[in-house]
1. Tell me, what ³J(HN,Hα) does each residue in segment 74-90 have, in order and in whole Hz, if you take phi through Karplus 6.51 cos²θ - 1.76 cosθ + 1.60 with θ = phi - 60° and put x for Gly and Pro?
2. Roughly what angle does helix 122-139 make with the longest principal axis of the chain, taking Cα atoms, 0 to 90 degrees, to the nearest 10?
3. Starting from 0.36 nm per residue, how many nanometres of slack lie between residue 191 and residue 37 once their C-alpha separation is accounted for?
4. Would you kindly state how much longer the chain becomes between residue 74 and residue 162 on full extension, computed as 0.36 nm times their sequence separation minus their alpha carbon distance, in nm to one decimal?
5. Collect residues whose amide H, placed 1.01 Å from N in the peptide plane, falls under 5 Å from the amide H of residue 91; neighbours closer than 5 in sequence don't count.
6. So who's got an amide H within less than 5 Å of the one on residue 8, skipping anything under 5 residues away but keeping other chains? H placed 1.01 Å off N, in plane.
7. Rounding to the nearest 10 and keeping the result within 0 to 90°, find how far the Cα-based axis of helix 57-70 lies from the longest principal axis of the chain.
8. Mind checking the angle between helix 151-162 and the chain's longest principal axis? C-alpha axes, 0 to 90 degrees, to the nearest 10.
Amino acid sequence: MTRFGLIRHAETLWNRQRRIQGRGDSPLTPEGKRMAAFWGRLLAGLPWDRILASDTGRALATARRIQARLGRPLALEPRLRELDWGAWTGRTLEEIAAVEAERLARQAAAGWEFRPPGGESRRELLARVRAALAAAARRHPGERVLVVTHGGVLRALELSLSGEGPPAAEAPDPRGYRILWVRGGPEGRLELEGVCPLGGAGAARARREAAS
């Protein structure tokens, strides 16, 4: 089994403005750059073999700052991108609700079939992310891989593996930044091992989880 530690990218300008990024992009804020550098220090010295990242600019910028500390090879995987929000990319949920309240409500109730106009469904996102991790497990059996991806990816993967069901809304996760531990086999089987915060009181726990 390959062990994956999945995190989302650091804070961006659109995160701060509460705008939906999806397949769009915005730069890391100064705070986001500091966050990524801190994560690099937090995770340095742990037994990672490589880093796998979404190919969006914000994920790559985060991964490169972490790589500067870890000194491990970095590869890009397009299947780890955020959900494609189609026509709703770059807007806030408040802006969408003001002009498309009924459509937004229908989508919010659709569960895994949630699909923004012109975008993809949560089910499609989950399928491509699982395929990406299975491919990585086949290429790197028995290794420990740090994965830098997106908040929507973490939510979908965690909820599907825990059996809790689809995300209820696109509201920010109250738990904040965290690391998701997943084991994967080459045949595509994935197991959720646990979740812990990145930084603060969760730093020591993150180090223990990665080293175990």
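1. Residue by residue, segment 74-90 yields 10, 10, 9, 9, x, 5, 8, 5, 5, 3, 7, 8, x, 5, 8, 4, x Hz.
2. Tilt of helix 122-139: around 20 degrees.
3. Result for the pair: 52.6 nm of gain on full extension.
4. Separation in residues times 0.36 nm, less the Cα-Cα distance, equals 28.8 nm.
5. 20
6. Amide H to amide H, under 5 Å and 5 or more residues apart or across chains, residue 8 pairs with 149, 178.
7. In the chain, helix 57-70 runs at an angle near 20 degrees to the longest axis.
8. 80
FYI, it's all coordinate maths here, none of it is from the lab. Since we're looking at a predicted model, the values are computed, not measured. Don't worry about glycine lacking a Cβ; one is built from the backbone with ideal geometry, like all the others, and counts go over all protein chains shown.
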